[in-house]
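J.: Sharing a structure with you now.
Just so you know, all these numbers are worked out from the coordinates, no wet-lab data involved. It should be emphasised that the depicted structure is a prediction, and the values quoted were computed from it without experimental measurement. Neighbour counts are summed over all protein chains in view; Cβ atoms, including those assigned to glycine, are modelled from backbone coordinates with ideal geometry.
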Amino acid sequence: MDTVGELSQPEQKSSGGKIALFVGCGCLAVILIGVGGVAAIVFGVFGILKNSDVYQDTLATAQSNPAVIEALGEPVEPGFSMSGSININNGVGDADISFPVSGPKASGKIHAVAEKPAGSKAWNYTTRELRLDGRDEVIPLGP
């Protein structure tokens, strides 16, 4: 029998492979949307905290403090992460935040605790200090 003149039929792909590809892409899309949602929440919370008066005032105080500049070098830059809380209810507030800072010489973590009394626009700080990484040294940032 001569097979030269016969036309060969292309192989048919099973629909099982197409379904698996579709399900796999769908799962990947759901995972990417979930990761994107979590990232948006994290960036949003950090953004809110970093726009607060307590954070902005404390960072500016550290960046202009001669002892901090001597220990870390200049420029003093804030790190990305942040922890703590800021609560304001009917004009009365309290804050307890910590965030990393670094300079060319060293790095550390700033801790600030403050209260905002009723009717006041200003925060009263009970703690504002820089703890240097790897050292026992604490630099007070002042009131």
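J.: Calculate, for D94 and R135, the FRET efficiency according to 1/(1 + (r/R0)^6) with r their C-beta to C-beta distance and R0 41 Å; round to the nearest 0.05.
T.: 0.90
J.: Roughly how many nanometres apart are two label points built 7 Å out from the Cα toward the Cβ at E77 and A118?
T.: Each label point is offset 7 Å from its Cα along the Cβ direction, giving 4.5 nm.
J.: I want the local charge near R135. Using Cβ-Cβ distances under 14 Å, sum +1 for each Lys or Arg and -1 for each Asp or Glu among the other residues.
T.: Net local charge, R135 excluded: -2.
J.: Going by how many other Cβ atoms sit within 10 Å of their own, how do V113, V23, V92 line up, fewest first?
T.: Sorted ascending by nearby Cβ count, the order is V23, V92, V113.
J.: Taking 0.36 nm per residue of sequence separation and subtracting the Cα-Cα distance, how much length would be gained by fully extending the chain between K18 and K105, in nm to one decimal?
T.: Values: separation 87, 0.36 × 87 = 31.32 nm, distance 5.73 nm.
Contour length minus the Cα-Cα distance gives 25.6 nm.
J.: What are the equivalent ellipsoid semi-axes of the range 46-127, built from the alpha-carbon gyration tensor (square roots of five times its eigenvalues), in whole angstrom, biggest first?
T.: Semi-axes from the Cα gyration tensor: 25, 13, 9 Å.
J.: Taking the Cα of T127, stepping 7 Å toward and past its beta carbon, and measuring to each backbone N in the range 75-108: which are under 11 Å?
T.: 96-98
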